[in-house]
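Student: Have a look at this one before I ask anything.
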Amino acid sequence: MLRVDKASVYFAARDGRPVHALDRVSLEIPDGAFVVALGTSGCGKSTLLNAMAGFLPLSSGSITLNGHAVDGPGAERGVVFQKDALLPWKTVAENVALGLKFAGVGRKERRKRAVELLRLVGLQEFANSAPYELSGGMRQRVGIARALAPDPAILLMDEPFGALDSMTREAMQELLVDVWSRTGKQIFFITHSIEEALFLGTHLIVMSPRPGRIVARFDLDFVRSFARDRDARAVKTSPEFVELRERVRAIVHQDEVYGRAAE
Amino acid sequence: MTDLATNAELETSASDIRVVKMRGFGIGERSTVPISLATAAVILLAWWAASEARLVPHLFLPTPVEVFNAAVSFYQDGYANASMWEHVSASLARILTAAVIAFTLGVPVGLFMGLSRWAKGVFDTPIEFYWPLPPLAYLPLMIIWLGIGEASKITLLTMAMFAPIAIAAQAGVRSVSLERVNAALSLGATRFQLMRDVVLPSALPEILTGTRIALGVGWSTLVAAELIAATQGIGHFVMSASQFLATDYVFVGIGVIAVCAFAFSFGMRLLERWLVPWKGQS
């Protein structure tokens, strides 16, 4: 369980004034949960993820993973970036095995586990390719496999599908649901697509900017019905899905208007 | 099935297809090699014509044939009590020794400068002071301190080559994206693993570019240093020949230097292609 307790972050603006990026955000990610953070740009969702990953210290508040305070990056929290940060001088399999190398796992064992993970994301044939030979969607799948390799307790995903075309994106969403249901990892996933958020998450938090805070929370069931029936289209066109999508859209939009008016 | 019908209509034989691409800008993709070869031929022809017609005094401009004969005699009999190979290898030994020293010192110092504020502050002062100076300006000082032998020349060359390598390594470290570093840290990398597996390879393209620049600087410094103080070496050969007004030998010396410098540059390019095939791909 990852617990965020009244986390606040102030950045320094260019003129030195503090900017309130995250305002007393509290959040619990239970084991096996898929939590999606939705919001417009500037709502603090990436700030929150960076703090969870340990890239960013908090101004106040705390983050703990299974009772241990988070104070810096670590292998128990895997990160998938918006733009894959693969190393071009290593093959796909070597990239996936990087965390295992850091942990001191032997070469043969590394290779074996990397190929297993590549099979999980459907890229076993590309083990010996260079990352720059792959398409954007494939590179993100390598990024997911790499983040899973050290067997982290939680996967933090920062708009991983934001740069993909919409068809690839839908395929990636279904793949991610498979990965999630097979590995049972907790996932914290950031997006600004309402449909993606509703489709993927077991829990949804909606965030709003200036200062970044959580304005709404929902428990969702769509991902489970997809995992059961394997029919994404039926899920996304169901009356419940459409109704909730419009409700969330109203919150996001209303919030945007209020956010601007407050300035 | 109207789509299929349309496709059939559109089908044409391969010879009818006009392949197109975006209109370009600048020199485009077609090879410039034929133009360069033609230019070289024109220059040779002009040289040959000018020297045969005695447009300039023969002392200043020997004919291509004379230069060729001088090259053959240099190759067969050597010059000034040393064979051609001894002259060339003396120069190569100097530049390679200095390159190895400059590389083994410059890369760690540059990486360190990119990572530590203290290292940057400390090393910046001497490097920024001496790097813009022409090496020949402090060669006399080297000779006073280290004598006329190999030590002064190798030190001079090392200093000239050290700065571009260190500066390139430092720039290489700075070009590493924060995302790449964060990715490695969140995979559990230690400081050492981060350096070895992420920072150093990321900086490698810049380090190689810096080394190529350093070798260029090295050649010009080397020849100049040998002109002033040496008994062997290709720069000394040129100097000595000029004192006897043996212009044809001077031409040969310049040609040998050009071949060596070109070979180095070509070798560096091969090394780059082999070590950093991902350059520009990312």
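Student: Out of (1) closer than 30 Å to A:Phe199 by Cα; (2) at the interface with another protein chain (Cβ under 9 Å from one of its Cβ atoms); (3) crowded, with 20+ Cβ neighbours inside 10 Å, the odd one out for A:Ala37 is which?
Tutor: Evaluating A:Ala37 over (1) closer than 30 Å to A:Phe199 by Cα; (2) at the interface with another protein chain (Cβ under 9 Å from one of its Cβ atoms); (3) crowded, with 20+ Cβ neighbours inside 10 Å leaves (2) as the failure.
Student: Would you be able to say whether some residue in the stretch A:122-132 is within 14 Å of chain B (Cβ to nearest Cβ), farther than 19 Å from B:Gly188 by Cα and assigned to a helix (DSSP H, G or I)?
Tutor: yes
Student: If I filter the stretch B:239-282 down to residues being of a type in the set (Ser, Thr, Tyr) and without any contact (Cβ under 8 Å) to a residue 24 or more places away in the chain, which single residue comes out as surrounded by the fewest Cβ atoms within 10 Å (Cβ to Cβ)?
Tutor: B:Ser282
Student: Could I ask something else about it? Restricting the stretch A:87-104 to residues that are more than 8 Å from chain B (Cβ to nearest Cβ), within 11 Å of A:Ala145 (Cβ to Cβ) and touching a residue at least 40 places away in the same chain (Cβ under 8 Å), which is surrounded by the fewest Cβ atoms within 10 Å (Cβ to Cβ)?
Tutor: Here the answer is A:Asn95.
Student: From the list B:Ser116, B:Ser89, B:Ser83, which one is hydroxyl-bearing (Ser, Thr, Tyr) and over 24 Å from B:Leu222 (Cα atoms)?
Tutor: Matching residue, one of B:Ser116, B:Ser89, B:Ser83: B:Ser116.
Student: With A:Gly78, A:Gly122 as the choices, which residue is surrounded by fewer than 17 Cβ atoms within 10 Å (Cβ to Cβ), in contact (Cβ under 8 Å) with a residue 40 or more places away in the chain and not charged (D, E, K, R)?
Tutor: A:Gly122
Student: While we're here: Residues of the stretch A:44-79 being in a loop (DSSP other than H, G, I, E, B), in contact with an Asp or Glu (Cβ under 8 Å, 6 or more places away or on another chain) and at negative phi, which ones?
Tutor: Selection gives A:Pro57 alone.
Residue-by-condition table, conditions (1) surrounded by fewer than 20 Cβ atoms within 10 Å (Cβ to Cβ); (2) closer than 23 Å to B:Glu226 by Cα; (3) within 19 Å of the chain's Cα centre (by Cα):
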site	(1), (2), (3)
B:Leu59	yes, no, no
B:Pro62	no, no, no
B:Gly78	yes, yes, no
B:Ala82	yes, yes, no
B:Ser89	yes, yes, yes
B:Gly110	no, no, no
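Student: What number of residues within the stretch A:26-39 are assigned to a loop (DSSP other than H, G, I, E, B) and either touching a helix residue (DSSP H, G or I) at 6+ places or on another chain (Cβ under 6 Å) or under 12 Å from A:Phe189 (Cα atoms) (or both)?
Tutor: If we filter the stretch A:26-39 for residues that are assigned to a loop (DSSP other than H, G, I, E, B), which is where we start, we get A:30-33, A:39.
Narrowing further to those that are either touching a helix residue (DSSP H, G or I) at 6+ places or on another chain (Cβ under 6 Å) or under 12 Å from A:Phe189 (Cα atoms) (or both): A:33, A:39.
Count: 2.
Student: Conditions first: (1) away from chain A (no Cβ under 14 Å); (2) part of a helix (DSSP H, G or I); (3) more than 23 Å from B:Leu156 (Cβ to Cβ). B:Leu245 passes all but one, so which condition is the exception?
Tutor: That leaves (2) as the condition not met.
Student: What residue, among those in the stretch B:248-282 that are of a type in the set (Ser, Thr, Tyr) and assigned to a helix (DSSP H, G or I), is farthest from the other protein chains (Cβ to nearest Cβ)? Let's see the steps before the verdict.
Tutor: We begin by selecting, within the stretch B:248-282, every residue of a type in the set (Ser, Thr, Tyr); these are B:249, B:265, B:282.
Remaining after also requiring assigned to a helix (DSSP H, G or I): B:249, B:265.
Working: B:Tyr249: 47, B:Ser265: 23 Å.
Filtering the stretch B:248-282 for residues that are of a type in the set (Ser, Thr, Tyr) and assigned to a helix (DSSP H, G or I), the one farthest from the other protein chains (Cβ to nearest Cβ) comes out as B:Tyr249.
Student: How about the stretch B:178-196: which of its residues are closer than 20 Å to A:Arg77 by Cα, within 31 Å of the chain's Cα centre (by Cα) and either among the charged types (D, E, K, R) or facing another protein chain (nearest Cβ under 8 Å) (or both)?
Tutor: Across the stretch B:178-196, the qualifying residue is only B:Arg180.
Student: In the stretch A:137-148, how many are within 13 Å of another protein chain (Cβ to nearest Cβ) and free of Cβ contacts under 8 Å to residues at least 60 places away in the same chain?
Tutor: 3
Student: Would you mind telling me which numbered condition in (1) closer than 26 Å to A:Leu65 by Cβ; (2) in contact (Cβ under 8 Å) with a residue 40 or more places away in the chain A:Glu170 fails?
Tutor: Result: A:Glu170 fails condition (1) only.
Student: In addition: Identify, from the list B:Val198, B:Val173, the residue that is without any contact (Cβ under 8 Å) to a residue 24 or more places away in the chain, of a type in the set (A, V, I, L, M) and closer than 23 Å to A:Gly54 by Cβ.
Tutor: B:Val198
Student: Restricting the stretch B:199-212 to residues that are surrounded by fewer than 23 Cβ atoms within 10 Å (Cβ to Cβ) and either at the interface with chain A (Cβ under 7 Å from one of its Cβ atoms) or among the β-branched types (Val, Ile, Thr) (or both), which is farthest from the chain's Cα centre (by Cα)?
Tutor: Looking at residues that are surrounded by fewer than 23 Cβ atoms within 10 Å (Cβ to Cβ) and either at the interface with chain A (Cβ under 7 Å from one of its Cβ atoms) or among the β-branched types (Val, Ile, Thr) (or both), I get B:Val199.
We did not get these values from a lab; they are worked out from the coordinates using the rules stated. Not measured: the values here are computed from a predicted model. Neighbour counts are summed over all protein chains in view; Cβ atoms, including those assigned to glycine, are modelled from backbone coordinates with ideal geometry.
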